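Below is one structure, written out as structure tokens, with a few remarks after it.
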Amino acid sequence: MAVSQEDIAYEIFSWLPAKTICKFGLTCTSFSNFQKESHFKTKQSCNLLGMNDTCFFLQHDQISQRYQKRIELHHLPKEQQQLSGVPNNVLTFLSNSACVLASSNGLLLCHTINDDPLELFICNPITKSCFFIPTPESVRKNHNNSNINIMLDCTHCSSDDYLIFYFENTNEWSSYTCNIYHGKEGAWKGVENNFLSGGRNMKFDTPVIHNGTLHFISDCSNYFTRLSPFYKPYIMSYSFVEGTSSILKLPREAIKGFHVECNMGIFNWGKVTSSNTSICLVKSRKSVFTIWILKDYKSCSWQKILKVRVNALGLEEKDAHVTGFTVMNGNILVFSTKHKIYSCGLDEETFMMVEEIGSHSCGSNPHFISYSNTLRSCGANDKTMSC
């Protein structure tokens, strides 16, 4: 069967970032029609699941209108800003009207900041589409915009669906109900067994899904005595299918000095679509990064791959203090200082190759949100964003 030029273009375009597709759509009617087709949107978003995220949002730690650039968009080194990104008017809208809670495969999960009560919504910044989802009553009454334990996932469901996990603290200490919103069904469903987090507070804003199970790391605050079983920080896993909770121990070196100027986070290691994925643990203490990879899940065996002082990375800043960090694409450490953002390679090809990404104005505790440039749909009844 002969393949038409349009079929070839269709296939090529499905591998391009959404912003690039939209630009080409301005030059040709047939190209413009691609981005309107549901099948093409699904194909393009699925193709980009296996590709690296090219940019990320940096969000100010304070939700206030007095911060003019409360949400910023930054690109990884060597990524061309004109090929992927977010329209300026959408970025302005998000800064003025929303708090970004999570991101997955081109969709953002946000809540309003100017409305009372709060409302949750899904949006795609490229297509400028959004969909307001039924908001749990406890979120609607959250007037201080804090402790919304929620996450978004588009990688463990069908290509025309998405999952939102919401954990609500019960009256029982360290017990959370788990409710899951299915975008395709448009309804919340409760999980029968609660998530038991142990004695410590969990960092719900940096979840890791590994082997179909949710993982959260605890905080490092020093509010337990040495006799307590929860004195040391840990990782807690939760199977939302079976409704079971279990603890994963951290490396001994990670626990040393955890209560003094220490911040730890867990991230996906390896490609999302790869079978060889794991959990990456990053510890930042007194401007020293230490990073481990979970080598054996059952025995909680960790392998240390890096320990380095920030000042030994060749930064132009003197006495740089780390204010935040994340791991993108399963192999790139991205971190911020008071005014700058940097990347540091963690794989064999780019190991300890440090590059400056740029300056930021997002405060002393910014939140990193990795972003993929796709045409993924917010749902059948989505609407145009008012920006």
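The values are calculated or read from the model by the stated rules, or taken from the named source; none is laboratory data. Since we're looking at a predicted model, the values are computed, not measured. Don't worry about glycine lacking a Cβ; one is built from the backbone with ideal geometry, like all the others, and counts go over all protein chains shown. SASA here: full protein model, heavy atoms, side chains in, ligands and nucleic acids out. Shrake-Rupley method; radii C 1.70, N 1.55, O 1.52, S 1.80 Å.
Scan the range 347-370 for residues that are in a strand (DSSP E or B) and open to solvent by 80 Å² or more (accessible area, probe 1.4 Å) and the total you get is 2. Here N311, N373 are screened, and the one residue that is closer than 30 Å to H39 by Cβ and not in a strand (DSSP E or B) is N373. Count of the range 198-219 residues, restricted to those that are touching a residue at least 40 places away in the same chain (Cβ under 8 Å) and more than 21 Å from the chain's Cα centre (by Cα), is 1. Scanning the range 314-337 for residues that are surrounded by 13 or more Cβ atoms within 10 Å (Cβ to Cβ) and part of a loop (DSSP other than H, G, I, E, B) gives L315, E317, A320, H321, V322, T323, N329, G330, N331, T337. Considering only residues that are farther than 20 Å from L73 by Cβ and open to solvent by less than 60 Å² (accessible area, probe 1.4 Å), which ones fall in the range 371-382? If the condition is that a residue be farther than 20 Å from L73 by Cβ and open to solvent by less than 60 Å² (accessible area, probe 1.4 Å), then S377, G379, D382 are the ones that fit.
Among the β-branched types (V, I, T), buried (at least 17 other Cβ atoms within 10 Å of the Cβ), under 25 Å from V260 (Cβ atoms) and modelled with pLDDT of 95 or more, is that true of V282? Considered against the rule, which asks whether it is among the β-branched types (V, I, T), buried (at least 17 other Cβ atoms within 10 Å of the Cβ), under 25 Å from V260 (Cβ atoms) and modelled with pLDDT of 95 or more, V282 comes out as yes.
If only residues of the range 231-290 that are of a type in the set (F, W, Y) and touching a residue at least 12 places away in the same chain (Cβ under 8 Å) are counted, the one that is nearest to K304 (Cα to Cα) is F289.
Here is a yes/no grid of residues against (1) buried (at least 20 other Cβ atoms within 10 Å of the Cβ); (2) farther than 19 Å from H111 by Cβ:
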site: L152; (1), (2): yes, no
site: H156; (1), (2): no, yes
site: D161; (1), (2): no, yes
site: Y166; (1), (2): yes, no
site: N169; (1), (2): no, no
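Pairing residues of the range 99-124 that are small (G, A, S) with residues that are modelled with pLDDT under 90, at Cβ distances under 7 Å and at least 6 apart in sequence or on separate chains, gives S104/T155; G106/A18; G106/S45.
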